[in-house]
1. How large is ³J(HN,Hα), in whole Hz, for each residue of segment 15-22 in order, when computed from phi with the Karplus curve 6.51 cos²θ - 1.76 cosθ + 1.60 and θ = phi - 60°, using x for Gly and Pro?
2. Expressed as a rounded percentage, what relative contact order does segment 20-61 have, with Cα pairs under 8 Å and six or more residues apart?
3. I'd like the FRET efficiency for Lys122 and Arg152, computed as 1/(1 + (r/R0)^6) with the beta carbon distance as r and R0 of 22 Å, rounded to 0.05.
4. Would you mind classifying segment 44-110 by shape? Square roots of the alpha carbon gyration tensor eigenvalues, ordered a ≥ b ≥ c; an a/c under 1.5 is rounded, otherwise it is prolate if a/b is larger than b/c and oblate if not.
5. Debye calculation, C-alpha points only, no solvent: report log10 I(q)/I(0) for segment 1-67 at q = 0.26 Å⁻¹, in the same order as the q values.
6. For the chain, calculate the relative contact order in percent as a whole number, restricting contacts to Cα pairs under 8 Å that are 6 or more residues apart.
7. Probe of 1.4 angstrom, ligands and nucleic acids ignored: what's the accessible area per residue over the chain, in square angstrom?
8. Compute the distance in nm between two label points, each set 7 Å from the Cα along the Cα-to-Cβ direction, one at Asp33 and one at Thr170.
Amino acid sequence: MQLVFLGAPGVGKGTQADKVSVQYGVVKISTGDLLREAVRNRTTLGLEAKSYMDQGKLVPDLVVIGLVRDKLADPGYAEGFILDGFPRTVPQAEALAGVLDERRVRLDRVINFQVPRTEIVKRLSGRRSCPKCQATYHVEFAPSKKGILCDRCDEALVQRSDDQPEAIETRLKVYEEQTAPLINYYAAKNMLSHLDSAGSVDSVYDNLTKVLADRKSTRLNSSHIPLSRMPSSA
Ligand code: AMP
């Protein structure tokens, strides 16, 4: 199963990708997580990415394309993956198509997560995370039992710099201008499914599994054989 989860920041792509990853045994590749890890480890790439991320802007295409290319080179990913937060621009989508072609892997489906803007702002502005174990909370919808401390490790929770009001506005603008065009891009390739993701985590997951089951019956049970499993013609 090779999937892309598309949608504005705060629509719940990452949460659903975690659940699908466990349930279906496929790996989640989140460019946001990879970049935050690079920032934490103070790598050259992390230092370059940090200022873009803090402002809510996109990290340059070449940087994120390189990250994803490296991840997909790992043979463990051939069995399946969910790309969460990548691609976010048309050049990234084109680069992804090239990388998958090289690896003889075919993308099964692109899921477009949809949530009203007011709800997105509420979700992002209330989000808190643990700087130590990376657990995430929401002040209203999923508060820590220990208030401002992490339930798991007692560390003081923090608000991501890109969840500050100004950065949220920038991220939503960037989404509209640079990422939303991917909806038409993938729709034109007949690869897109829309998913209303305004409900609870469990109800969205129920609907998502239905979309994925439908994908299986319409695409996989017919003639589709993932290119990764086809014998090489060479
Ligand atoms: P996320 O956690 O997916 O919301 O990503 C957090 C931030 O990482 C974004 O606001 C961007 O600055 C950066 N980022 C993540 N994925 C990408 C991507 N595919 N292209 C460019 N920047 C990205």
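The values are calculated or read from the model by the stated rules, or taken from the named source; none is laboratory data. Just so it is clear, the model here is predicted, and its values are computed rather than measured. Counting neighbours? That spans all protein chains shown, and the Cβs are built from the backbone with ideal geometry, glycine included. Protein only, heavy atoms only, side chains kept; ligands, DNA and RNA dropped before computing areas. Shrake-Rupley method; radii C 1.70, N 1.55, O 1.52, S 1.80 Å.
1. 4, 5, 4, 4, 5, 5, 4, 5
2. Value for segment 20-61: 20 percent.
3. 0.35
4. It comes out prolate by the Cα gyration axes.
5. Treating every Cα as an identical point scatterer, log10 I(q)/I(0) equals -1.18.
6. Details: 319 pairs, mean separation 65.0, N = 234.
Across the chain, relative contact order equals 28 percent.
7. On a per-residue basis, the chain sits at 52 Å².
8. Label at Asp33, label at Thr170, 2.5 nm between them.
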